[in-house]
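The values are calculated or read from the model by the stated rules, or taken from the named source; none is laboratory data. Since the model is a prediction, treat every value here as computed from it, not as a measurement. Reconstructed Cβ throughout: ideal geometry from the backbone, glycine too, with neighbour counts over all protein chains shown. To get the accessible areas, we keep the full protein, side chains included, count just its heavy atoms, and leave off ligands, DNA and RNA. Shrake-Rupley method; radii C 1.70, N 1.55, O 1.52, S 1.80 Å.
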Amino acid sequence: MPANAISIIPLDSSAARSAMIGSQPGLRSVWYALQMVARTDSAVLIHGETGTGKELVARAIHAESIRKCGPYVKLNCAAIPSGLLESELFGHERGAFTGAVAQTTGRFQMAHNGTLFLDEIGDLPLELQPKLLRVLQEHEFERIGGNRTIRVDVRIVAATNQDLLEMVRERRFRADLFYRLNVFPITVPPLRERTEDIPILVQHFVREFGSRMKKQIIHISPTTMEFLQQYDWPGNVRELQNFVERAVIMSSGPHLEIPFGELTRMVKGNRVKDGTPSLARTLAEAERDHILDVLRQVRGVVGGRNGAAARLGLPRTTLIHRMRKLGIAQKRAVRVGKPAACAGVENPDSVPGAFV
């Protein structure tokens, strides 16, 4: 194992099952608030940027609640056309409108005695908001085209990445509905505000994707981890998760192989944080350390099926260019013997060479 390498070790089983992974005060406060409200029937409004894990918080609330044996039903208000959203929420009777060939059950009725998670609640059309408010207050509704009142017992958890209070001021969201949903607000902090959680998140995702892909990745370069902690991650945990998945796909040995070309694009123009080295410099250091690590694993062989270039997913000439650019000393290629596979090769430089 390289000096100072970060090892991937199993988490405690209870932590591994937890919906939220991290140790920073912001996340601990989320977990504390979640446990306080979970066993009540109060409405919860989860605030947070895209990709912070708001749905995981909603699932955790349901799992910790007295309704955990009941259904957990979710609806993304931004993903359903406004003309169909009312039917999705409340259902419709046969013949209620053109194409309604059968009676359907809405999400409220599906979630009876359980939890209904309304994601992106800020995208709920204004004309539907009074109908949602009525269900929250009276626990009853009628299907579209029906006259029979249906009573339900549903716990509402909603989430948004928008400023609903500002939308209320702009009259794009009803104030009475906002206050009915905002009984117990929970704010999930963005990843840039809990960078100390990035190593444990990276380890978790490496373990998860490594298991799926039948790969055993046990080391991460400390320089790489330092860079990952400096990047702002505007897509939050979801962006980090996708990035780690791509890295696991690229990795062919026990070390996590980072797609440095993508990292370069990610950090281009990124601001420099006070008191820390520039991201560009950190990236160069991470790339250099990673290439050296791979070269050690393959005993300095650059080309060939098992060489460093193949391990890194790069053409041999591209890797040599990067090595020169990063100041990695190059030894002249020496042909100890003429392998059968290289018979007839006229140019010695095309034979795999050794570099340190």
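A few points about this structure:
- Screening Val135, Val73 for residues that are in contact (Cβ under 8 Å) with a residue 24 or more places away in the chain, within 26 Å of Val188 (Cβ to Cβ) and either in a helix (DSSP H, G or I) or open to solvent by 50 Å² or more (accessible area, probe 1.4 Å) (or both) leaves exactly one candidate, Val135.
- Counting only helices (runs of 4 or more DSSP H) that sit completely within the range 254-334, those holding 1 or more residues that are at pLDDT below 80 and in contact with a His (Cβ under 9 Å, 6 or more places away or on another chain) correspond to 260-267, 279-297, 308-312.
- Residues being small (Gly, Ala, Ser) and open to solvent by 20 Å² or more (accessible area, probe 1.4 Å) - total across the range 54-69: 1
- Candidates Leu177, Leu165, Leu228, Leu240, filtered to the one that is open to solvent by 40 Å² or more (accessible area, probe 1.4 Å), among the aliphatic types (A, V, I, L, M) and assigned to a helix (DSSP H, G or I): Leu165
- Qualifying positions in the range 180-189 - aliphatic (A, V, I, L, M) and crowded, with 17+ Cβ neighbours inside 10 Å: Leu181, Ile186, Val188
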